[in-house]
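These notes are about the structure you will find just below.
The values are calculated or read from the model by the stated rules, or taken from the named source; none is laboratory data. Everything quoted here is computed from the prediction, not taken from an experiment. We place every Cβ from the backbone using ideal geometry, glycine too, and count neighbours over all the protein chains shown. Each accessible area value is taken on the protein alone, full model and side chains, heavy atoms only, with ligands, DNA and RNA left out. Shrake-Rupley method; radii C 1.70, N 1.55, O 1.52, S 1.80 Å.
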Amino acid sequence: MLSIDKTIAVDATATVDPVALQKSISSATEALLGYRQSDGHWVFELEADSTIPSEYVLLRHYLAEPVDSELEAKIANYLRRTQGDHGGWALVQDGPFDMSASVKSYFALKMIGESIDAPHMARAREAIRARGGAAGSNVFTRFLLAFYGVLSWRAVPVLPIEIMLLPMWSPFHINKISYWARTTMVPLMVLAALKPQARNPRGVGIDELFLQDPKTVGMNKKAPHQSFGWYLLFSTLDKVLRVVEPLFPKKLRQRAIDAALKFTEERLNGEDGMGAIYPPMANIVMMYDALGKGPDFPPRAITRKGIDKLLVIGEHEAYCQPCVSPVWDTALTCHALAEAGGEDTLAKMKEGLDWLKPRQVLDLKGDWAVKAPDVRPGGWAFQYNNAHYPDLDDTAVVVMAMDRERRQSGTKEYDTAIARGREWIEGLQSRDGGWAAFDVNNLEYYLNNIPFSDHGALLDPPTEDVTARCISMLAQLGETAQTSKALADGIAYLRRTQLAEGSWYGRWGLNYIYGTWSVLCALNAAGVDHQDPMIRKAVDWLLSVQNKDGGWGEDAVSYRLDYKGYEVAPSTSSQTAWALLGLMAVGEVENPAVVRGVEYLKTTQTEKGLWDEARYTATGFPRVFYLRYHGYSKFFPLWAMARYRNLRSTNSRVVGVGM
């Protein structure tokens, strides 16, 4: 990784050497094709922070599973390597100390057998205590510590399982929160009702991380994003529930548990797991254990096996992924290959599209249909299988890739898939004109003030980046603001959400560079004039945040609630590619900044044709959970360089596709 002050001297009037550029493109294409799976798809590692591998270790000891010493040693190596200079663990590469990540990582290492007197353990303990101790952990960490008996149940919010029986018109309903919160909370509510205790055969605890008796720790304080008035209301309700919950009738409680089990078993999703993400899968295994279902009980056994499929085990290290990303990786790779071109490359791209085609969900109405009952299914999920929870971002990207192949070859074989994907996306536009990732009209913002939502990610509201992708898709398929009310409303949403500095927020990629790239591509595809003040402000902003080395970079600090403008961060290949693709989409291919950006990518390319990118450039939950897509540094830089080559070789200099 280049440091921020390492510069690449580029003549502002120069153009990129076309021969050297083609060599870079060919090398990157060959390297990317080398990652292709035998059935034609791509899937790259998806790395989060230290919390998921730590939780995996603690889950095994919670269940008293046989110790896998070799695996635990590799996870310990990973955790020790990712420990920060501050003594704790961060949410991103070289990031600031995070209490919950640090507490879980310390607990996991101690559980594995690390001596608390070892220097790295002493440093971690001192860092945690110096910042107020483990009582500062978030809600999810507090639940884990309650299961282990470290904290009392007074330290976590009340989650009455009877929520499962509430009508849709009630202020709180599981279909008024995001899919990831819903699938995580349903089994967690069963656990909260049963209050099981970890088996913990080694009897490991972490009392030494607290500045007080852990059993005296009370509820967490109001989170920075929460309104004082709303939080006061909900925390008062929590106190009332704490008193009355034990008085709820046993028959009512059993009905609610049965409803939670019905919900879960309808969505178990085989080894891919409910929601196809780690947290609900782990909660389901613990739930069945608490209900007395043994390790061989099929729903428990299948889910537990699915968790192990998330492991990445190397020669010296191992970690657990939060989920897998094959549809996303394959669709984006197909776009990069379409840009790179070449007969063999395009043939491999088509094989990727053929792998994607049967994964479209056409026959199952997922949770999204609660608020859109008349819309036919037609989306793609992010993972191998997640039919209840397809997402709009993946669907738009897949549809655009299929349309590119249709344009290039004249094939009709994707027509139905494209039409159904488009129909589904149009049907899930929210009433504010935007699109969300998985749901429609998930606008109950007051719910982010409940004590459980200290992470601020309970909802799945419309966002600028997903809205942009849906606009890009509609526009690439021939719609305009004049022919499509959905597209016109989407553009109006983007006009309203542009920041004064000129950028747009990036919910699923880090951050304003990602959002601005997404929106500029959409506005270009939708036919918005490149001289529109909205576009000119965005271009000026992107140019203003280019680093001296020619690249672009942005840090997770940009998600802070008191954001006051861009702060310099080291360049990365993926963020540089996004900036370049955004600028080129709106006619800036001749801009010297674009030349500098392309030269940055060429200069930082490795001998293997790829780019080293240790920094996290994607987002799970802003301020709480970040992602490092190992594929981003493999396909986005290729995409940007090939786009530059292609535009330079034409007279029009126009990007004719949505991304």
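Using a 1.4 angstrom probe, figure out how much accessible area region 507-551 has per residue, in square angstrom, rounded to the nearest whole.
In whole numbers, region 507-551 has 28 Å² accessible per residue.
Could you work out how far helix 573-585 tilts from the main Cα principal axis of the chain, as a 0 to 90 degree angle to the nearest 10?
50
Can you compute 3J(HN,Hα) from phi for each residue in region 301-312, using the Karplus curve 6.51 cos²θ - 1.76 cosθ + 1.60 with θ = phi - 60°, rounded to whole Hz and x for Gly and Pro?
5, 5, 5, 4, 5, x, 4, 5, 6, 7, 6, 10
Cα-Cα over 29 Å: which of K251/K293; K365/K412; K221/K250?
K221/K250
Round to the nearest 10 and give me the degree value, 0 to 90, for the angle of helix 179-194's Cα axis relative to the longest principal axis of the chain.
10
List, in order, the whole-Hz ³J(HN,Hα) value for each residue of region 332-347 obtained from phi through the Karplus relation with A = 6.51, B = -1.76, C = 1.60 and θ = phi - 60°; use x for Gly and Pro.
5, 4, 4, 5, 4, 5, 4, 6, 5, x, x, 4, 5, 4, 5, 5
Please compute the contact order of the chain in relative form: average sequence separation of alpha-carbon pairs under 8 Å and at least six residues apart, divided by the residue count, as a percent.
18
Could you rank D296, D549 by how accessible they are, 1.4 Å probe, largest area first?
D296, D549
Working with all protein chains in place, sort H41, H225 by solvent-accessible area computed with a 1.4 Å probe, largest first.
Most to least solvent-accessible, the answer reads H225, H41.
Evaluate the relative contact order of region 151-251 (contact order divided by residue number), counting alpha-carbon pairs under 8 angstrom at least 6 apart; express in whole percent.
In percent, rounded to a whole number, it is 41.
For region 70-146, with every protein chain kept in place, what is the accessible area per residue (1.4 Å probe, Å²)?
36
Past 30 Å, Cα to Cα, is the threshold; run K23/K348; K548/K634; K104/K608 against it and keep the listed order.
Exceeds cut-off: K104/K608.
For S26 and K221, calculate 0.36 nm times their separation in residues minus their Cα-Cα distance, and state this gained length in nm to one decimal.
Contour length minus the Cα-Cα distance gives 64.8 nm.
Quick one: compute the contact order of region 561-659, relative version, from alpha carbon pairs under 8 angstrom and 6+ residues apart, as a percent.
Once divided by the residue count of region 561-659, the mean separation gives 34 percent.
Under a 1.4 Å probe, what is the accessible area of region 213-347 per residue, stated in Å²?
Ligands and nucleic acids excluded, the figure is 46 Å² per residue.
Taking H as built 1.01 Å from N, whose amide H comes closer than 5 Å to the amide H of T619, not counting residues under 5 places away?
Under 5 Å from the amide H of T619: G509, L510, L627.
Output the 0 to 90 degree angle, nearest 10, between the alpha-carbon long axis of helix 51-62 and the longest principal axis computed from the alpha carbons of the chain.
That works out to roughly 30 degrees.
In region 238-355, carbon and sulfur make up what percent of the accessible area (probe 1.4 Å)?
About 59 percent, which is the carbon plus sulfur part of the accessible surface.
Out of the total accessible area of region 124-188 (probe 1.4 Å, heavy atoms of protein only), what percent is carbon and sulfur?
Of the solvent-accessible surface of region 124-188, carbon and sulfur hold 60 percent.
Could you rank the peptides 153-165, 318-330 by their average count of other C-beta atoms within 10 Å per residue, with the highest value first?
Sorting 153-165, 318-330 by mean packing, highest first, produces 318-330, 153-165.
Once both labels are modelled 7 Å past Cα along the beta-carbon direction, what's the S152-R255 spacing in nm?
Spacing of the two 7 Å Cα→Cβ label points: 3.2 nm.
Using a 1.4 angstrom probe and counting only protein chains, how large is the accessible area of S54 in Å², to 10?
Probe radius 1.4 Å; accessible area of S54 about 0 Å².
Can you give me the % of accessible surface on region 484-615 that is carbon or sulfur? Probe 1.4 Å, all protein chains present, nothing else counted.
Heavy-atom surface of region 484-615 belonging to carbon and sulfur, 1.4 Å probe: 51 percent.
How large is ³J(HN,Hα), in whole Hz, for each residue of region 381-398 in order, when computed from phi with the Karplus curve 6.51 cos²θ - 1.76 cosθ + 1.60 and θ = phi - 60°, using x for Gly and Pro?
8, 6, 9, 4, 9, 6, 4, 6, 9, x, 10, 6, 5, 4, 4, 4, 5, 5
By accessible area of protein heavy atoms, probe 1.4 Å, what ranking do F297, F44 get, highest first?
F297, F44
So, in nm, how far is label T236 from label H316 when the simple model puts each one 7 Å beyond its Cα toward the Cβ?
Going by the 7 Å Cα→Cβ label model, 5.8 nm.
Ranked from highest to lowest mean number of other Cβ atoms within 10 Å per residue, what is the order of the peptides 439-447, 100-108?
100-108, 439-447
Go ahead and estimate [θ] at 222 nm for the chain from helices alone: -39,500 (n - 2.57) per DSSP H run with n ≥ 4, summed, over the residue count, rounded to 500.
-15000 deg cm²/dmol
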